[in-house]
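The values are calculated or read from the model by the stated rules, or taken from the named source; none is laboratory data. As the structure is a computational prediction, the values presented were derived from the model and not from experiment. Every residue, glycine as well, gets a Cβ built from its backbone with ideal geometry; the counts of neighbours run over all protein chains shown. For accessibility, only protein heavy atoms count, side chains too; no ligands or nucleic acids. Shrake-Rupley method; radii C 1.70, N 1.55, O 1.52, S 1.80 Å.
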Amino acid sequence: MTDSRPADLSPIVKAYDVRGEAGTQLTPEVARALGAAFADFLHSSPDGGDMIVAHDMRVSSPELARAFVDGAVRRGATVGEAGLSSTDQLYCASGLHRAAGAMITASHNPAQDNGLKLCLPGARPISRDTGLASMRAAAEAYLDSAEIPEIPGGVSQPLDTLADYVDTVLGLVPIPEGRRLRVVVDAANAMAGLTVPAVAERLGWIELVPLHFELDGTFPHHPADPLDPTNLEDLREAVLSEGADLGFAFDGDADRCVVLDETGALVSPSAITALIAQREIARARAAGEEHPAVVANLVSSRHVAETIRAAGGTHVRSRVGHSLIKALMAEHSAVFGGEHSAHYYFRDFFHADSGMLAALHVIAALVESEDSLSTLVASHDPYASSGEINSRVDDAEQSRETVRAHAERIPGTTCDDLDGLTVEHWDAEAPAEERWWFSLRSSNTEPLLRLNVEAELETTMIRVRDEILALVRQQPVVSLQPVDVDLPHLAPAGTSGADVPAWVRERLRCPDCTGSLRDVDAGLQCASCGRIHPVEGGIPVLIAGRTEAPIA
């Protein structure tokens, strides 16, 4: 290290991986120490010291990979250097070769970051509780001593993994010939630019429209984070301009995939989970399994569990986190697993996640259908969802307990703590407007609370969403129970006469209760408290010109 202070890698060694700023937090020196620590960990386990090391296209990745390999070889490891690779390509190699794996990547993080994803032979996950903590301590010790003692016998050699990867994914999801599809793929200048062409050249009847396939770790067009809607604009425009049947956006290391339909609309990851779950359950049942298990994290749509049960499968709930899902899949021999973050896991792919396999499932389902993608997935998106909303708070636990206390006072609610706080108010015999649920979870890395709300009706989702956000953000609140107000006939959007830009109109909230506003004749009505705010001369009179005090 550059000073006399003890090494501390806790800021970059996370719950499931290593992630930090390259060159400052994650230096070649740190990577070398982590490589040595990984080799020591493997030698102390029944798995032995063989490992495969790969890296993504980030500017810092080749140097970090070389340093990691050097540290591992110094500690007697046998290393296959796979070079440029997607993370699911590395998982595939780990499974096929029964070797541990190390992937140098920061996934969807900004260009200046980098990191490590580690796995045991067979792509088995490693977390802080199952090895990362001890590896961190060992690496810190190497850094403090400024020396990595050499164990004879360590060696590295090149290893080509791409051809086996292509054979594996196409073997798991064969695409039938027949219907021709035009598919736009945005690789975001990241690793899908390597893997997608290799798969597509075997599918001559699928027309690929490539977008940003040049590998460039500076991300010149947009960040490789497909969960940020702004990063989907290029893909959306290309799907529409090309008249494509669908579009895919991959993240930086290509283990995650987001789907757009032929209209350029985002397909919910929960809808994709339900679609693939149906297919994988049907395949497993055809092979003789009576009730194949499917794992889904509890932030996924309620429809996912309904689909799994209707298809004859068993639904297994999971906390958020790839190591947790993989462990549950192994425990239940689950055929498939899905997360709301567009990670999809496959039993026959060593329980690992693969954006490519998810994309192939969607293509196969569309080839086998005569419908458009929007029609195909419509039945898998029946409920109104808020999506994930983040709130920065001083005390996440206190905010969550405030919400719990409020929700427990509402008749018919149930609460559980599998992952943060989940509150359900969903009685099949109750009116549709009274069916809702929400999840409120803490971020693992930031002082944030993450809220997801789902309801039978859009108006109910909005009401519950706004209520919980008001509690979390310490704003005026109203009851979660339906408000008994005499609502006038709702008018189409715009008939309020509000002459303001669309982005302003979408952000307007009721000054009494912060509820969302809907258009009625010559006014905006709060969906929560029912108050009507008039629109005069095109201007919504929300505060100015009021003649009475706000509702207490």
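Which log10 I(q)/I(0) values does the stretch 350-432 give at q = 0.15, 0.16, 0.19 Å⁻¹ under the Debye formula, counting every alpha carbon as one identical point scatterer?
Normalising to I(0) and taking log10 leaves -0.89, -0.92, -0.99.
To two decimal places, what compactness ratio does the stretch 331-378 give when its Cα radius of gyration is scaled by 2.2 N^0.38 Å?
Compared with the compact-globule rule of thumb, the stretch 331-378 sits at 1.29.
Between residue 314 and residue 374, with labels modelled 7 Å along Cα→Cβ, what's the label distance in nm to one decimal, could you check?
Between residue 314 and residue 374, the simple spin-label model gives 4.0 nm.
If you restrict to DSSP beta bridges whose two residues both lie in the stretch 214-365, what percentage is antiparallel, to the nearest 5? List each step's numbers first, then the result.
Details: 11 of 19 bridges.
Counting DSSP beta bridges with both partners in the stretch 214-365, the antiparallel share is about 60 percent.
Which sequence of 134, 107 reflects their accessible areas, 1.4 Å probe, from the largest down? Can you show the working numbers first?
Working: 134 65, 107 5 Å².
The ordering from most to least exposed comes out as 134, 107.
Can you tell me what share of the DSSP beta bridges in the stretch 110-238 is antiparallel? A percent to the nearest 5 is fine.
Of all bridge pairs located within the stretch 110-238, approximately 25 percent are antiparallel.
Within a Cβ distance under 10 Å of residue 121, other residues only, what is the Lys/Arg minus Asp/Glu net charge?
Around residue 121, the surrounding residues sum to 0.
Residue 287 to residue 146: extension gain in nm, 0.36 nm per residue of separation minus the Cα-Cα distance?
Length difference between fully extended and current span is 45.2 nm.
Computed over the Cα atoms, what is the radius of gyration of the stretch 229-291 divided by 2.2 N^0.38 Å, N being its residue count?
The value comes to 1.41.
Tell me, which longest segment in the chain has none of the GluC sites (Glu not before Pro) that fall in DSSP loops with at most 14 further Cβ atoms within 10 Å?
The longest uninterrupted stretch comes out as 1-146.
With θ taken as phi - 60° and the coefficients 6.51, -1.76 and 1.60, list the Karplus ³J(HN,Hα) couplings across the stretch 43-54 in order, rounded to whole Hz; mark glycine and proline as x.
Per residue, the Karplus-derived 3J(HN,Hα) values read 5, 7, 9, x, 7, x, x, 6, 8, 10, 10, 9 Hz.
If each DSSP helix of 4+ residues adds -39,500 (n - 2.57) and the sum is divided by the residues in the chain, what number results at 222 nm, nearest 500 deg cm²/dmol?
Result for the chain, helices only: -10000 deg cm²/dmol.
Run a plain Debye calculation on the stretch 271-321 (Cα atoms as equal point scatterers, no solvent) and give log10 I(q)/I(0) at q = 0.13, 0.16, 0.27, 0.31 Å⁻¹, rounded to two decimals, same order as the q list.
The calculated log intensity ratios at q = 0.13, 0.16, 0.27, 0.31 Å⁻¹ are -0.26, -0.38, -0.98, -1.20.
Let me see the pair-distance distribution of the stretch 173-264: every alpha carbon pair, 5 Å bin width, integer percents in order.
Whole-percent P(r) values from 0 Å outward: 3, 15, 26, 26, 19, 8, 3, 0.
Which residues' amide hydrogens lie under 5 Å from the amide hydrogen of residue 154, considering only partners 5 or more residues apart or on another chain, with H built in the peptide plane?
HN-HN under 5 Å from residue 154: 76.
Using alpha carbons only, how many degrees (0 to 90, rounded to 10) separate the axis of helix 162-172 from the longest principal axis of the chain?
50
Once you compute Rg and the Kirkwood Rh from C-alpha atoms, what is the Rg to Rh ratio for the stretch 305-347?
Using only Cα positions, Rg/Rh for the stretch 305-347 is 0.93.
Report, as a whole number in µm² per second, the diffusion coefficient that Stokes-Einstein gives for the stretch 282-364 at 25 °C and 0.890 mPa s using the Kirkwood radius over alpha carbon pairs.
194
Evaluate the Debye formula for the stretch 259-400 with equal point scatterers sitting on the alpha carbons, no solvent, and hand back log10 of I(q)/I(0) at q = 0.16 Å⁻¹, in q order, two decimals.
Each listed q maps to, in turn, -0.82.
Tabulate in residue order the Karplus-calculated ³J(HN,Hα) for the stretch 308-325, using 6.51 cos²θ - 1.76 cosθ + 1.60 with θ = phi - 60°, rounded to whole Hz; enter x for Gly and Pro.
So the Karplus estimates, Gly and Pro as x, are 4, 5, 5, 7, x, x, 10, 8, 10, 7, 9, 5, 6, x, 5, 5, 5, 5 Hz.
Average the reciprocal distances over every distinct pair of alpha-carbons in the stretch 52-135, invert the result, and give the Kirkwood radius in Å. Working shown, then result.
Values: mean 1/r = 0.0776 Å⁻¹.
Evaluated over the stretch 52-135, this radius sits at 12.9 Å.
When ligands, DNA and RNA are left out and all protein chains stay put, how many square angstrom of accessible area per residue does the chain have with a 1.4 Å probe? All intermediate terms of the calculation are to be shown ahead of the outcome.
Values: 22960 Å² over 552 residues.
Per-residue accessible area for the chain comes out at 42 Å².
Mind checking Rg over Rh on the stretch 414-467, alpha carbons, Kirkwood formula for Rh? Provide the component values of the computation, followed by the final result.
Working: Rg = 12.2 Å, Rh = 11.8 Å.
My calculation puts Rg/Rh at 1.03.
How much space per residue, in cubic angstrom, does the convex hull of the C-alpha atoms of the stretch 1-145 take up?
Considering the Cα atoms of the stretch 1-145, their hull volume per residue is 93 Å³.
Please name which of 174, 229, 208 has its Cα lying farthest along the dipole of the stretch 149-292 towards the positive end, using unit charges on Cβ (Lys, Arg +1; Asp, Glu -1) and the Cα centre as origin.
174
I need the semi-axes of the equivalent ellipsoid of the stretch 7-90: take the C-alpha gyration tensor, multiply each eigenvalue by 5, square-root it, list largest first in whole angstrom. Present the calculation step by step, with values, prior to reporting the outcome.
Numbers: eigenvalues 73, 53, 30 Å².
Result for the stretch 7-90: semi-axes of 19, 16, 12 Å.
As an exercise, take the mean of 1/r over every pair of distinct alpha carbons in the stretch 99-204, invert it, and state the Kirkwood radius in angstroms.
It is 17.9 Å.
If one computes P(r) from the Cα atoms of the stretch 101-149, what percent of pairs lie at distances over 19 Å?
43
Please report the accessible area of residue 539 (heavy atoms, 1.4 Å probe, ligands and nucleic acids excluded) in Å², nearest 10.
Looks like 100 Å² after rounding.
What are the ³J(HN,Hα) couplings of the stretch 150-161, residue after residue, when phi is run through the Karplus curve with 6.51, -1.76, 1.60 and θ = phi - 60°? Round to Hz, x for glycine and proline.
Going residue by residue, I get 8, 10, x, x, x, 7, 10, 8, x, 9, 8, 10 Hz, with x marking Gly and Pro.
For helix 269-286, what angle does its Cα long axis make with the longest principal axis of the chain, in degrees from 0 to 90 and rounded to 10?
Tilt relative to the chain: about 60 degrees.
Nearest 20 debye, what's the magnitude of the dipole of the stretch 155-249 about its Cα centre given +1 on Lys and Arg Cβ and -1 on Asp and Glu Cβ?
300
For a quick size check, give me the Cα extents of the stretch 325-469 along its three principal axes, largest first, whole Å.
The Cα atoms of the stretch 325-469 stretch 48, 35, 28 Å along their principal axes.
State the percent of C-alpha pairs, over all pairs in the chain, separated by a distance greater than 40 angstrom.
Result for the distance tail: 31 percent.
Tell me the accessible surface of residue 32 in square angstrom (1.4 angstrom probe, heavy atoms of protein chains only), to the nearest ten.
Estimated to the nearest 10 Å², residue 32 gives 80 Å².
If only Cα atoms are counted, what is the Rg of the stretch 148-302, and what is its Dmax, in Å?
Values for the stretch 148-302 (Cα only, Rg and Dmax): 18.6, 60 Å.
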